[in-house]
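J.: Have a look at this one before I ask anything.
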Amino acid sequence: MDDVACPRCKTTKYRNPSLKLMVNVCGHALCDNCVELLFVKGSAVCQECGISLRRVNFRVQMFEDPQVEKEVDIRKRILKDYNRHEEDFETLRDYNDYLEEVEEIIYNLANNVDVENMKRRIEQYKKDNRTQIMKNKSRLTRDEEFLEELIDFEQQESIYRKQKALEEQREEQKMKTKNKEALIDELMFSDAPAGEIVATHAAVHSKQLSESGKKETISVTTKPRPTTTFSTGIKFWQSDSFVPMSKKEEEAVAYKYEEVDRDLCGPRPPAYSDLESDGYIENTRSTTEQEKAAGFLSNVACYRAIEEALCGLYYCSNSSSPSNVGLQSMDIT
């Protein structure tokens, strides 16, 4: 990489180790100093191909070959719009033809072959498939979902291991302090030889270390389970919050709806099924498509309005029973 040089100022990586080459949509490289100098007004033309460029579109060159850098950038831009997947096609042949078309467009744009025709072709595709493009942008593929779940699991495992390591360090530090204090106390107050006391404490310490190693192997085998995500983003398997249903609940009798017999204190409304045949719906606003999608029906609103209109017509505060109310109402009528 020492022979890499800016095509304009000829500065090499050998003479300037902090040299950064930057590329734009055309794929021709310039060092960061030349970009600052030539594009001080925000836009200028490329020194090699004469294409009008903008300063904000420059990025650091990642690959040694600028042509590879150009192709990678074109591929990213094209695949943002050509984002259909295999499940969007009826046959595998159609999907392969689609992939071949995408690769042809990328190759032509990267090698400056029929560029204007390719641009018109892309614009026409974006216009014809605008809805599908927006839908696919908001949808993760199965591979992306799997990778996201795998990354999430690895992060949880890393956090779990860090916590276990911190706990083991604390326990080991406590154990060392405790053994040291016990050794000092025994050397001060015991009549046994110092060498025997030290050997006994060394054996006890090695035994404690072996037991802690066994506990560590057991804890490593109990890794956290991978989490799975609902479409709403809620994760399960992360905790034991879902308890299985008991057998009694599974064997319970299903709920059966029974219509309530209501006393409206008035004449009985027509049957719900007779609303259209009797002409009640003619005086009700028709339901729109959005309201139907939400579950609203004009028949329900009409039936409710009729019930409210007839409710309480036979009510009489002096009567003692609904039957008297009915007789009085019939006498009035």
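The values are calculated or read from the model by the stated rules, or taken from the named source; none is laboratory data. Predicted model, so just to flag it, every value in this text is computed and none were measured. Counting neighbours? That spans all protein chains shown, and the Cβs are built from the backbone with ideal geometry, glycine included. Only protein heavy atoms, including side chains, enter the accessible area calculation; ligands, DNA and RNA are left aside. Shrake-Rupley method; radii C 1.70, N 1.55, O 1.52, S 1.80 Å.
J.: Could you tell me how far the Cα centroid of region 85-117 sits from the Cα centroid of region 162-189, in Å?
T.: Result: 67 Å between the Cα centres.
J.: A further question follows. Could you pull out the trypsin sites (Lys or Arg not before Pro) across region 117-156 that fall in loop regions by DSSP (anything but H, G, I, E, B) with no more than 15 other Cβ atoms inside 10 Å?
T.: Loop-located and lightly packed - ARG139.
J.: Which of the listed residues, PHE189, GLN173, ILE151, is farthest toward the dipole's positive end in region 151-213, when Lys, Arg count +1 and Asp, Glu count -1 at the beta-carbon?
T.: So the residue furthest toward the plus end is ILE151.
J.: Which of the aspartates and glutamates could a cross-linker span from LYS176 if the Cα-Cα distance has to be under 20 Å and same-chain partners fewer than 8 positions apart are dropped?
T.: Reachable aspartates and glutamates: GLU167, GLU168, ASP185, GLU186, GLU196, GLU211, GLU216.
J.: Exactly which GluC sites (Glu not before Pro) in region 31-76 are in a DSSP loop and have at most 14 other Cβ atoms within 10 Å?
T.: Here the sparse-neighbourhood loop sites are GLU48, GLU64.
J.: Considering only Cα-Cα distances, which of the following residue pairs are longer than 23 Å: LYS20/LYS119; LYS76/LYS126; LYS126/LYS292; LYS13/LYS70; LYS127/LYS292? Mind dumping the intermediate values first?
T.: Values: LYS20/LYS119 31 Å; LYS76/LYS126 15 Å; LYS126/LYS292 32 Å; LYS13/LYS70 21 Å; LYS127/LYS292 31 Å.
Where the Cα-Cα span goes over 23 Å, the pairs concerned are LYS20/LYS119; LYS126/LYS292; LYS127/LYS292.
J.: Counting only residues 5 or more places away or on other chains, whose amide H sits under 5 Å from the amide H of LYS13 once H atoms are built in the peptide plane?
T.: The answer is VAL4.
J.: Still on this model: Can you pull the percent of region 1-151's accessible area that's carbon plus sulfur, 1.4 Å probe, other chains left in place?
T.: Carbon and sulfur together cover 51 percent of it.
J.: On to the next question. Just to verify a number: what accessible area does GLU87 come out at with the full protein assembly present, 1.4 Å probe, Å² rounded to tens?
T.: 90 Å²
J.: What figure, in Å² to the nearest 10, do you get for the accessible area of VAL102 with a 1.4 Å probe and non-protein molecules left out?
T.: 10 Å²
J.: Provide, as a two-decimal number, the C-alpha radius of gyration of region 113-184 over 2.2 N^0.38 Å, N being how many residues it has.
T.: So region 113-184 has a normalised radius of gyration of 2.55.
J.: I need the chymotrypsin sites (Phe, Trp or Tyr not before Pro) found in region 34-115, filtered to DSSP loop residues with at most 15 other beta carbons within 10 Å of theirs.
T.: PHE63, PHE89
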